[in-house]
Each structure stands twice: as C-alpha cells, then as structure tokens.
Amino acid sequence: MTVTHVHKDPDALTMVITAELEAPVERAWQLWADPRQLERWWGPPGYPATFVEHDLRVGGRAVYYMTSPEGERHYGWWEFLAVDPPRRLEVHDGFADDAGRPNYDLGVGRMVITLAERAGRTEMVITSHFPTPEAMEEMLAMGQEEGMVQAIGQIEGILAGSAS
C-alpha cells in the first residue's frame, strides 16, 4: 500500500494523508494532470470516477462523478487555485448536482497536494482543509479518510502498468 501516514487535526481542521509512490515526481504529477489517469484511481474501489471536465489551470474547474456499485452517481467539483507542475496543486472542492453545479450544503473544502522527490520516489502529501468542525466531522463520518486511503492504494498498480 502506498499510504504511509494519516493525521487528523480537529484543532487545525485538517486531515493529512502521506503516500510514497514508486515513481519520479514528473510521473506522479501525471496522475493528477491527466483526467484519464485520474479516473483510474480517484474514488475507492467499486466507485470509479469519471471526469467530465478537467481544465488544469488557475481558475479552471474539474467536474467528476463517482458511480456506486448500484449505479448511483455522486458528483463533485474542484476549482484550481494553484497549479505549479510538477510539485503542487491546490483546489477548492465540494459536492455538485448532476449538472456539475456546486452544492454548498456541506461547505467547500480546500485540498493541497504536494509532490516531492525522496530518494528516487515521490512523497505525495494531500492536505484536506475543512471549513468548520461540523463539516470535518460529517466528512469523516461519511468515510472520507477510508475512501481516500483506498483510492490512493490503487495508484501503485497504475504506476506499475504504464509509463505515462
């Protein structure tokens, strides 16, 4: 498994997931930059993601949905706040309706992804910032930690199976 550490800090309203990837930083960046690669791991097993929009530039948006085993679609969106290839990505993220319009009922989170070379591998750190203690509690109760750990666990197979 690629996840090496998960740290939740209710005082800072953050969850930090650290993973070690068997790839150089430039290759790891493609897991985020290429929506077809992102679809192969964003979403836990059994909930594949489909990105219908992925405009990777500051101010751009991504819209996606994850399909449950029962066929239900759960939509989400990102707004790209910072794009610094191949080292850093920052997004606002939240839930969306089936047209990709943001649904603000659970608030809007912020996610910061950093990629750093460590002895020929990549350390990927995903920091989720929650808007309120209640939103953090609700997202964790909905399984955000487990879902992200499972999703990241799929990366190893992608890296082993394709060069780009």
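Bear in mind these aren't lab numbers, they're just calculated from the coordinates by the rules spelled out. Worth saying up front: this structure is predicted, and the values here are computed from it rather than measured. Every residue, glycine as well, gets a Cβ built from its backbone with ideal geometry; the counts of neighbours run over all protein chains shown.
Observations
- Our coupling estimate for the stretch 138-152, obtained by passing each phi through the Karplus curve with A = 6.51, B = -1.76, C = 1.60 and θ = phi - 60°, is 5, 5, 5, 5, 7, x, 4, 4, 4, x, 5, 4, 5, 4, 4 Hz, Gly and Pro reported as x.
- Likely footprinting exposure, ILE126, ILE152, fewest C-beta neighbours within 10 Å first: ILE126, ILE152
- When the alpha carbon coordinates of the chain are projected onto the principal axes, the ranges are 42, 35, 32 Å, largest first.
- Restricting the stretch 3-61 to trypsin sites (Lys or Arg not before Pro) in coil, as DSSP defines it, with at most 16 other Cβ within 10 Å: ARG57
- On the beta carbon distance between LEU81 and GLU22, with R0 = 30 Å, the FRET formula returns roughly 0.55.
- Per-pair calculated FRET efficiency, R0 = 25 Å: TYR104 and VAL125 via Cβ, rounded to 0.05: 0.40
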